[in-house]
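Please read the structure below before turning to the comments.
The values are calculated or read from the model by the stated rules, or taken from the named source; none is laboratory data. The model shown is predicted, which means the values in this text are computed figures rather than measured ones. Neighbour counts run over all protein chains shown; Cβ positions are idealised from the backbone, glycine included. All accessible areas refer to the heavy atoms of the entire protein, side chains included, with ligands and DNA or RNA removed. Shrake-Rupley method; radii C 1.70, N 1.55, O 1.52, S 1.80 Å.
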Amino acid sequence: RSQEMRLRVAISHHRTHEGELCFAQDLRSLSGGERSFTTLALMLALGEAMEAPFRIMDEFDVFMDEANRRVAYKTLIDIAKRESRRQFVFITPLTLPNLRADPECVRVVRLVPPVRGTDNVQQTILDDFAPNAGDVTDPQ
C-alpha cells in the first residue's frame, strides 16, 4: 500500500516595513540566485538524510550574487568538515571567493581553461595560496 507524502517549503526572502517575514508562495517569484541557494539547501538536507558517501554539485552557484556565494561556500565547507567520513566535490566555472583551506579536509583545485586542439590538461592546486587569502568562514 503506497502512501502519498508532500513537502511544503516556505522561503522567507525579505521583511515587510512592519518587520514581519514575507514568505514566497511560489518559487518562480524568487531571483535566480535565491532559487540556486534554496536548491543548494534542499540538496544538502537530502544528502544528510540519505547518508550518501559522496556528494557532487556542478555549477550550483552560477546565479548567486557574491554575498550568497560566500554564505554558500561557508556552509559547504562547514558541512564537509563536520561530515569528514564523506567526500564532497563542488564544481564551478566562477572565480572562488577567498577561501581558507584546511589542508586536512579541504583541497581547492583550479583547472586551467582548455586550449582547443590539445589533450593537455593543466591544474593548479590552490592549497598553498589559501592561508594568505581571506577566510570564507567570515562572510562580512
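Just a few scattered comments:
- Selection of region 6-19 for residues being more than 22 Å from Phe63 (Cα to Cα) and modelled with pLDDT under 80 yields Arg6, Leu7, Arg8, Arg15, Thr16, His17, Gly19.
- The single condition among (1) open to solvent by less than 90 Å² (accessible area, probe 1.4 Å); (2) at pLDDT below 85 that Leu76 does not satisfy is (2).
- Elements of type strands (runs of 3 or more DSSP E) in region 1-95, at least 1 residues being more than 21 Å from Arg110 (Cβ to Cβ) and in contact with a Leu (Cβ under 6 Å, 6 or more places away or on another chain): 11-15, 21-24
- Scanning region 20-42 for residues being modelled with pLDDT of 70 or more and either at positive phi or open to solvent by 90 Å² or more (accessible area, probe 1.4 Å) (or both) gives a total of 5.
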